[in-house]
Amino acid sequence: MKEYKYRILLAEDDTNLGTVLKDSLELEDNYVELFMDGEQAWKSFNKDDFDLCILDVMMPIKDGFTLAKEIKKVAPNMPIIFLTAKSMKEDKLEGFKIGADDYITKPFSFEELQLRLQAIMRRVDSAMLPSANQSEFTIGRYTYIDNDRALKIGTESTKLTTKEAELLKILTHNVNQVVDRDIALKSIWGNDNYFTGRSMDVYITKLRKYLKEDEKIEIVNIHGQGFKLIVKD
C-alpha cells in the first residue's frame, strides 16, 4: 500500500482549478479527494480519514463556511484552509471565527498554497509532541519520571523501554484527545509502514497492562485515526 504524506479533502466547484490543485498536491505525495460541492465533501468527510481540508467558500448546495462549521463540530482540531475569490475583510474574519488556519484569495500560485499547507501541518505535528524539557508527568494515580523512565503508582515502579516511554509521553501530552497514528509512528519509529504499525500496537497493549491499576485510565483505539488516552475525573 502506498504511503502518503497527508490525506487531503479538497472542495472546489471550479472544475479546472480543482483538477489542477488535485494533480499538483498528488505530485507532492499527498492523497487527495476532490468534490465539486459542499454536501458531497461532507459525506466523504464522515466516511474517510483526512489530515487537512481545503475548502472553497462559494460552492453550490453547501458553502465552505457551512461545511467548515460542520467539520469543526465533529473534529475541532481539523486544519482548514479556505479558498475564495473574495478579499473582503468581513469574509476573512468570518473564516477565522469558524476556526480556519489560513485564508487564500484567488488567484494564487500553487507554491503559495504548498508553503501555507506545510506551515500548518508543521504546527499540527509539533503540537502533538511533548516538550523535551518536561521531566515528570501525572497520569491519574500514576507518575512518570522521564529521567529514569519510571512509571510509579504507590510503592510500585515499572521501568519502561525507550519506545514505551516515548509513546506514553505523546499520549499523556494529548490526554483525552486523539493521537494521530501516523504522527506517533513517524516521531518514534521514523516511519509509518505496516511493520512499525504492528510494533506500536504491541506497545499500546503493554502500556494498557502497566496502567491497569487505575480503573479511571483507558487507552482506546479510534478506528482510522489513532489512539486516545482517557483519564476520567
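The values are calculated or read from the model by the stated rules, or taken from the named source; none is laboratory data. As the structure is a prediction and not an experimental result, all values here were calculated from the model. All Cβ positions, glycine included, derive from the backbone under ideal geometry; neighbour counts span all protein chains shown.
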Among the listed residues 99, 95, 38, which satisfies the condition of being surrounded by fewer than 17 Cβ atoms within 10 Å (Cβ to Cβ), in contact (Cβ under 8 Å) with a residue 24 or more places away in the chain and among the small types (Gly, Ala, Ser)?
-> 99
Does any residue of region 173-189 turn out to be surrounded by 15 or more Cβ atoms within 10 Å (Cβ to Cβ), among the hydroxyl-bearing types (Ser, Thr, Tyr) and either at pLDDT 90 or above or in contact with a Phe, Trp or Tyr (Cβ under 8 Å, 6 or more places away or on another chain) (or both)?
-> no
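Identify, from the list 65, 96, the residue that is at pLDDT below 85, among the aromatic types (Phe, Trp, Tyr) and farther than 29 Å from residue 186 by Cα. Lay out the reasoning, then the answer.
Details: 65 fails: at pLDDT below 85.
It is 96.
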Which pairs do you get when a residue that is assigned by TED's automatic domain parsing to the domain that holds residue 209 and in a helix (DSSP H, G or I), found in region 162-189, comes within reach of a residue that is among the basic types (Lys, Arg) and at pLDDT below 85, reach meaning Cβ atoms under 6 angstrom, with the pair 6+ apart or on two chains?
-> none
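Consider residue 123 carefully, then state whether it is among the basic types (Lys, Arg) and on the phi < 0 side of the Ramachandran plot. Steps first, answer last, please.
Details: among the basic types (Lys, Arg): yes; on the phi < 0 side of the Ramachandran plot: yes.
Judged against the criteria, residue 123 is a match.
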Identify, please: which residue in region 199-233 is surrounded by 13 or more Cβ atoms within 10 Å (Cβ to Cβ) and basic (Lys, Arg) and is, among those, modelled with the lowest pLDDT?
-> 228
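Residue 113: assigned to a helix (DSSP H, G or I), over 30 Å from residue 163 (Cα atoms) and at pLDDT below 80, yes or no?
Working: assigned to a helix (DSSP H, G or I): yes; over 30 Å from residue 163 (Cα atoms): yes; at pLDDT below 80: no.
Answer is no for this residue.
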